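Scroll down for the structure; my scribbles are underneath it.
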């Protein structure tokens with residue numbers, strides 16, 4: 001709650017950001033029309049599917065289905081109200097699952113941490129086990145990144161809960177006893193994040209390691225079968241709509257930062273980009289990974305994170321008794337390594353290694369206590385050992401509390417500069433569109449899915465530059481572009497001249513802008529409404 005207040009939720013700040021709005025749009029379409037579709041598209045998507053509603057090329061099905069169920073359960077009259085842009089109230093439903101998964105992850109770690117100590121350290125008093133479990137759970141809840149994902153419609157926490165449950169199942173031996181059920185768990189988690197596709201084989205190997213020697217291959221196959229079953233309908237949908245079950249626009253992010261390409265240049269032109277292939281592609285991606293890995297490693301080892309990681313690694317080297325626990329620990333470290341490599345090859349943001357980082361943090365805390373308990377009596381006596389374990393627990397709580405307070409301050413600073421206008425401004429913009437445009441007429445805007453949610457009309461994300469708008473219009477009829485930025489300095493570089501001097505936009509024939517209007521909002525945004533001129537016929541048509 002404190003983290004949400006620091007970001008201004010409930011005080012005018014919108015619940016939906018760019019990512020959350022994409023899922024909410026698809027969920028609303030599924031709840032109201034019973035189809036996997038959306039009213040938002042990137043210019044790149046117009047190359048294959050020019051007309052709305054567009055198929056789902058970016059989002060994963062788990063969050064869409066979960067939010068659609070919530071939209072159906074809560075009556076629309078209650079969740080929307082009488083306003084045109086009633087979704088301000090309805091948008092809060094997207095927080096239900098993340099908040100649940102936030103609390104459930106903390107409780108899961110607390111309970112299972114205590115349970116593992118009961119199994120592997122039976123001489124430990126019940127009170128000590130309970131306190132230790134509580135510290136592990138609080139270590140998760142006190143992480144500001146976890147708190148932030150809980151106050152937005154992100155997929156990180158549902159996926160993290162599934163990943164933590166999978167690793168706990170391996171550590172307790174449940175995964176090897178119920179391989180098909182374990183695979184179903186992986187498939188359910190994979191419906192929220194596509195990177196489970198390459199994590200599932202690693203986790204299947206770890207679970208099979210606890211099976212009898214002659215049945216490990218069969219156990220691995222049953223896990224992978226269970227993984228595929230929940231995702232099969234989604235893959236069939238992708239196959240029918242895009243021609244391949246592997247289609248996902250997120251793969252293009254691997255070329256972000258390669259050869260001068262950017263996320264904008266890759267996604268905001270209405271055609272598939274020309275990309276390297278063969279050895280040239282391998283070399284370019286390897287160079288990108290080499291550039292991005294140091295920053296990710298630094299983020300993963302800052303503060304106590306490096307301590308937990310080192311403790312887990314040393315514990316694996318020292319453990320000789322439990323093959324199941326070693327398999328779980330190696331799987332945890334393997335998940336972190338794979339997640340880091342994939343993030344370095346695509347978008348090197350800490351959020352993409354968050355689930356693995358939280359798993360390593362919880363496992364590393366238990367591992368550190370285990371290492372202290374195993375220290376030679378001559379070096380670490382019982383009293384000193386208990387003191388060191390208590391100090392490690394206290395240090396974890398102090399570190400978490402400090403991070404939490406720091407996260408609040410960071411949130412307050414970031415909230416004042418966020419790129420999405422307030423709820424009231426979005427309502428006013430949606431009403432303006434409703435009064436001046438035909439029902440269902442598409443528009444282009446940098447607000448993308450957020451505007452599509454409030455206005456209930458198709459929205460194409462802003463083209464890379466004003467000169468590229470006509471290329472989008474040749475695929476989809478567009479007459480209006482809406483620019484909403486805090487200032488020209490905050491606008492995309494190619495659109496900054498339009499934001500700075502909108503009254504001169506019509507003087508540039510290559511932009512094909514017939515008229516422009518501007519007004520400033522109460523929350524500090526400039527709204528530029530561009531009316532486009534008639535589309536010139538192509539040379540072949542002439």
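Within the range 314-341, the residues that satisfy the criterion of being buried (at least 16 other Cβ atoms within 10 Å of the Cβ), over 17 Å from residue 374 (Cβ atoms) and free of Cβ contacts under 8 Å to residues at least 60 places away in the same chain are 333, 336, 340, 341.
Applying a threshold of 7 Å to beta carbon distances and a minimum spacing of six or more residues, or different chains, the list of pairs starting in the range 162-188 at a residue that is in contact (Cβ under 8 Å) with a residue 24 or more places away in the chain and at positive phi and ending at one that is crowded, with 23+ Cβ neighbours inside 10 Å and not in a helix (DSSP H, G or I) reads 173/210.
Among the residues making up the range 477-506, those that are touching a strand residue (DSSP E or B) at 6+ places or on another chain (Cβ under 9 Å) and farther than 30 Å from residue 12 by Cα are 478, 479, 503, 504, 505, 506.
Taken as a whole, the range 292-308 holds no residue that is closer than 20 Å to residue 348 by Cβ, at pLDDT 95 or above, out of contact with any strand residue (DSSP E or B) (no Cβ under 6 Å at 6 or more places or on another chain) and in a helix (DSSP H, G or I). All of 482, 462, 507 fail the test of being without any contact (Cβ under 8 Å) to a residue 60 or more places away in the chain and crowded, with 17+ Cβ neighbours inside 10 Å, apart from 482.
Among the candidates 26, 4, 13, 37, single out the residue that is in contact with a strand residue (DSSP E or B) (Cβ under 8 Å, 6 or more places away or on another chain) and touching a residue at least 24 places away in the same chain (Cβ under 8 Å). It is 26.
Among the residues examined, residue 441 does not qualify as assigned to a helix (DSSP H, G or I) and either within 18 Å of residue 40 (Cβ to Cβ) or in contact (Cβ under 8 Å) with a residue 24 or more places away in the chain (or both). Residues in the range 444-459 that are in contact with a strand residue (DSSP E or B) (Cβ under 9 Å, 6 or more places away or on another chain) and touching a residue at least 60 places away in the same chain (Cβ under 8 Å): 448, 449, 450, 452, 453, 455, 457, 458, 459. Screening 350, 376 for residues that are under 22 Å from residue 140 (Cβ atoms) and either more than 19 Å from the chain's Cα centre (by Cα) or touching a residue at least 12 places away in the same chain (Cβ under 8 Å) (or both) leaves exactly one candidate, 350. Annotation: residue 226 fulfils all but one of (1) surrounded by 15 or more Cβ atoms within 10 Å (Cβ to Cβ); (2) at pLDDT below 95; (3) assigned to a helix (DSSP H, G or I); the unmet one is (2). Of all the residues in the range 9-59, those that are over 18 Å from the mean Cα position of the chain (by Cα), in a loop (DSSP other than H, G, I, E, B) and surrounded by fewer than 18 Cβ atoms within 10 Å (Cβ to Cβ) number 10. Within the span defined as the range 388-403, one or more residues are within 30 Å of residue 250 (Cβ to Cβ) and within 22 Å of the chain's Cα centre (by Cα). Scanning the range 408-422 turns up one or more residues that are more than 25 Å from residue 518 (Cβ to Cβ) and without any contact (Cβ under 8 Å) to a residue 60 or more places away in the chain. Against the criterion of being in contact with a helix residue (DSSP H, G or I) (Cβ under 9 Å, 6 or more places away or on another chain) and either at pLDDT 90 or above or closer than 15 Å to residue 40 by Cα (or both), residue 471 qualifies.
Note on the range 413-428: residues that are under 20 Å from residue 92 (Cα atoms) and part of a helix (DSSP H, G or I) amount to 7. Is it the case that residue 270 is modelled with pLDDT of 90 or more, more than 26 Å from residue 192 (Cα to Cα) and part of a loop (DSSP other than H, G, I, E, B)? Spelling it out, residue 270 is indeed modelled with pLDDT of 90 or more, more than 26 Å from residue 192 (Cα to Cα) and part of a loop (DSSP other than H, G, I, E, B). Restricting the first member to the range 115-133 and to residues that are at negative phi, and the second to residues that are surrounded by fewer than 18 Cβ atoms within 10 Å (Cβ to Cβ), the beta-carbon pairs closer than 6 Å and six or more apart or on different chains are 117/124; 129/118. Please work out which residue is surrounded by the fewest Cβ atoms within 10 Å (Cβ to Cβ), limiting yourself to the range 429-459 and to residues that are farther than 24 Å from residue 67 by Cα and touching a helix residue (DSSP H, G or I) at 6+ places or on another chain (Cβ under 6 Å). Among residues in the range 429-459 that are farther than 24 Å from residue 67 by Cα and touching a helix residue (DSSP H, G or I) at 6+ places or on another chain (Cβ under 6 Å), the one surrounded by the fewest Cβ atoms within 10 Å (Cβ to Cβ) is 433. For residue 529, state whether it is touching a residue at least 40 places away in the same chain (Cβ under 8 Å) and farther than 21 Å from residue 436 by Cα. When the stated conditions are applied, residue 529 does not pass them.
The values are calculated or read from the model by the stated rules, or taken from the named source; none is laboratory data. All values derive from a computational prediction rather than experimental measurement. Because the Cβ atoms are built from the backbone with ideal geometry, glycine has one as well, and the counts that use them run over all protein chains shown.
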